[in-house]
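Participant: Quick one: this structure, given as structure tokens, is what I'll be asking you about.
What follows is calculated from the coordinates using simple rules that are stated; it is not laboratory data. Treat the numbers as computed from the prediction; the structure is a model and nothing was measured. All Cβ positions, glycine included, derive from the backbone under ideal geometry; neighbour counts span all protein chains shown.
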Amino acid sequence: MAVPPDRSERIDPRRTRATISDVAAHAGVSISTVSHALSGNRPISAATQARVREAIEVLGYGANPTAASLRTGRSGIVGLILRPRDAVHGSLRGTETFTRLSGAIATAVLDRGIGLMHVPDILNPATARVPMDGCIVAHPYGEDEVLAELLRRGVPVVTVEEDPDHPDYPWAVTLDYQTVLTELLDGLYAQGARRIALVTGTEDNTWNRRTRQIYTEWASGHQMPVRHGALYEGVGVDGAEEFIAPMLGGSNPPDAVITGPSPFAAGFAHVAEGLGLSIPGDLMLAAVTDSEFSRGNNPPITAVDLALEELARHAVDLMLDQLSGRAPPDRPIVVQPTLHWRGSTMRS
């Protein structure tokens, strides 16, 4: 029985990763033949295909994704950019919103046989050639410079929530804040609240803008004073408490408070307890996001579930539609959030 030739001398042992040249040498074929065998662009005999596959297995060769993207025009990877400044740190502190959203997008992407990459600063020239077929941008700012740069480069983009200054961009999935916030405000009013305050974040995105707009219009329609404050989302519970104490300790405190981030609502609950205020008797509390900060409070805090898994699924479907060359939808997809009424707003 013939012993196959030992081709190990053709491999430089100092290399930590096999190259396409190594595969060609091990299989006894040209580099172009290996490339055609991998891409399927040209017919290769079954015997040659078998030798190339055997070489790949022996050497542990994995095709360079950047080289593959240059050859085929596709990397098989979708990028994800989280625009809010506190997205990562907030997730580490347990606010859940971006952890759930990122996980749901990753699951939906992998389920469709492609990869996901968290994209670094796209405005940094060093990251200008990130190998991705398209990019999902979550919670862009007004006149978002990252979104504008991606579109300038011709990168297919889908947004989770729209750039608030460009609400007609069709490749977007957004939330119906109007319905859920009106339900919340009407519910607080029905239980006797007449001094309702709103505390949003400061990031200039749709989540903060729409929440503030809907609240202001509702308060004006009910002949109630507008009590709005804004606080950077990254300050967390402790920073929120410093902001909250003067509001609750003043001469005319609110009898109900809606916060954007759920840590702010937890901060209100802690300050109220220190001031001897009962929840919901003296103060009703609600948040426009849900997390362990709201669910784990005593009493649990009424909160809005932003349907993050549904947002993610629609965003990935839109991305695949765009990559396949389909026409854009007539308008952004709208998802309905869910309001969870809990003990912090149940007086009766």
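Participant: Give, in nm to one decimal, the length gained when the segment between residue 252 and residue 168 is fully stretched (0.36 nm per residue of separation minus the Cα-Cα distance).
Facilitator: 26.1 nm
Participant: Got a sec? Which residues in segment 223-257 would a label at residue 275 touch, if it sits 7 Å along Cα→Cβ and we count backbone N under 13 Å?
Facilitator: Backbone N within reach: 241-257.
Participant: What net charge is computed for the residues neighbouring residue 285, neighbours being all others with C-beta under 15 Å from the C-beta of residue 285, Lys and Arg scored +1, Asp and Glu -1?
Facilitator: Spelling it out: positives minus negatives among the neighbours equals 0.
Participant: Right, another one. Go through segment 46-53 residue by residue and turn each phi into a ³J(HN,Hα) via Karplus (6.51, -1.76, 1.60, θ = phi - 60°); whole Hz please, and just put x for glycine and proline.
Facilitator: 4, 5, 5, 4, 5, 5, 5, 4
Participant: Same structure again: Using the Cα gyration tensor of segment 220-319, with a ≥ b ≥ c the square roots of its eigenvalues, what is the shape: rounded (a/c below 1.5), prolate (a/b larger than b/c) or oblate (neither)?
Facilitator: Verdict is prolate for segment 220-319.
Participant: Work out the FRET efficiency for residue 195 and residue 324 from their Cβ-Cβ distance, taking R0 = 56 Å, and round it to the nearest 0.05.
Facilitator: 0.60
Participant: What is segment 171-248 by shape, rounded, prolate or oblate, if you read a ≥ b ≥ c off the alpha carbon gyration tensor as root eigenvalues and call it rounded for a/c under 1.5, prolate for a/b larger than b/c, and oblate otherwise?
Facilitator: Oblate shape, in that a/c is at least 1.5 and b/c is the bigger or equal ratio.
Participant: Going by how many other beta carbons lie within 10 Å of each one, how would you line up 45, 324, 294, fewest first?
Facilitator: Listing 45, 324, 294 from fewest to most nearby Cβ atoms yields 324, 45, 294.
Participant: Rounded if a/c is under 1.5, else prolate if a/b beats b/c, else oblate: with a ≥ b ≥ c from the C-alpha gyration tensor eigenvalues square-rooted, which is the chain?
Facilitator: Note, shape of the chain comes out prolate.
Participant: If amide H atoms are built 1.01 Å from N in the plane of the peptide, which residues on other chains or at least 5 residues away come under 5 Å of the amide H of residue 259?
Facilitator: Those lying under 5 Å, H to H, from residue 259 are 199, 286, 287, 288.
Participant: If amide hydrogens are placed 1.01 Å from N in the peptide plane, which non-local residues have theirs closer than 5 Å to the one on residue 174?
Facilitator: Hits under the 5 Å cutoff: 161, 333, 334, 335.
Participant: Would you list 288, 334 from fewest to most Cβ contacts within 10 Å?
Facilitator: 334, 288
Participant: From the phi of every residue in segment 106-119, what ³J(HN,Hα) in whole Hz does the Karplus formula 6.51 cos²θ - 1.76 cosθ + 1.60 yield, where θ is phi - 60° and glycine or proline is x?
Facilitator: Values per residue, Gly and Pro as x: 4, 5, 5, 5, 5, 5, 9, x, 10, x, 10, 9, 6, 8 Hz.
Participant: Can you say what percent of the DSSP beta bridges in the chain, counting only those with both residues inside, are antiparallel? Round to 5.
Facilitator: 10 percent
Participant: If I model a spin label as a point 7 Å beyond the Cα along the Cα-Cβ vector, how far apart are those points for residue 238 and residue 121 in nm?
Facilitator: Reported label-point gap for residue 238 and residue 121 is 2.7 nm.
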